[in-house]
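In what follows, a single structure is set out as structure tokens and then discussed.
The values are calculated or read from the model by the stated rules, or taken from the named source; none is laboratory data. Just so it is clear, the model here is predicted, and its values are computed rather than measured. Here Cβ is always computed from backbone atoms with ideal geometry, including for glycine, and neighbour counts include all displayed protein chains.
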Amino acid sequence: MPPSSPKKKEFKRGLGLTFKFSAAVIGLILVAMGLVTLVVHFRVREALLSQMQAKGLTVARGLASNAAEALVSSDRLILAELVDKVVRQEPGILLAALTDTQGVVLAHTDFKNEGHPYAVPEAFAAKKVSSGAILYYASVGEPCLDFSVPIVLEGKSGENKKNLGTAHVVYLLSPLQQTIYQTLTYIFMIAAGGIVLGIIMAFFLVRRITQPVRQLAQAAETIGRGDLDQKVVVRSRDELGQLAVTFNHMTANLKQAQADLIIKERLQHEMEVAREIQSILIPKKTPDIPGYSVGMMYRGAEEVSGDYIDFIPVKGDRWGIW
């Protein structure tokens, strides 16, 4: 008993094109949204920080300008009103202070600091000094910005300037961070909506692409079973449409080739039958004629020839050769 031939491994289907294309498109959308979110985050943070710095410097310069005359007259009451007014009218300000040229506090939001050297609030530790008149503190609790502007008294001509001290305005960064958080929340909501919309669009787009491929695969399977009348409907004018047209041409050519092969096999069979009949009609041996040596050779011009040969005995010793 001959050994059985090993079975061919059948195709084991894995993930479909719809899933692969959808996953790729969704991945690209997620990466794009992530990059956009990061860029927007840094841009928004830089813009808001620049806006806060400009605003803080403006407030500190206004405080320094208003405090110049009060420092000349040493009116502590006006100085206290100025720092309190700044804190009340500007949200996000932790404190305001005015110091003399020696750094001694003349007016402070917390009056307990008056008469003492101006120092960074105990809750904060100085990390770095930025360019210009802005001190940045990394808070033990939260970060803040200290805007320091010199208090200058200008003469009537504008040339004789006298330094009277420094105006300090400390801003908390928590409002800035809150604004950034709210902005990022909106960005994430928009990004989530974009991702959902992108997933839906990717699904329908990929399905539109893979549907003709699936139809071609089904048509190929039908043709593999011998049905050469199978046709693929051409629904697009792109590469997939061209592939469908080529597939239909291939099917028509296979059908024609199959018909030609059947005709050829039929003719070949008829020629073999005719050759067998002709071989039967041709004599198998030559006759013995006294005084003659007779030989015979027959070869048809094609598979079957119309020529014929035979030896016919006549009366007596006579022979007819045809």
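Within the stretch 135-153, being assigned to a strand (DSSP E or B), more than 23 Å from Gln102 (Cβ to Cβ) and either at pLDDT 75 or above or of a type outside the set (A, V, I, L, M, F, W, C) (or both) holds for Tyr136, Ser139, Cys144, Leu145. Just one of (1) more than 31 Å from the chain's Cα centre (by Cα); (2) within 30 Å of Val25 (Cα to Cα) fails for Ser148. It is (2).
Whenever a residue of the stretch 154-182 is at pLDDT below 80, its partners that are polar (S, T, N, Q) and exposed (fewer than 11 other Cβ atoms within 10 Å of the Cβ), lying with C-beta atoms within less than 9 angstrom and at least six residues away or across chains, give the pairs Glu154/Asn160.
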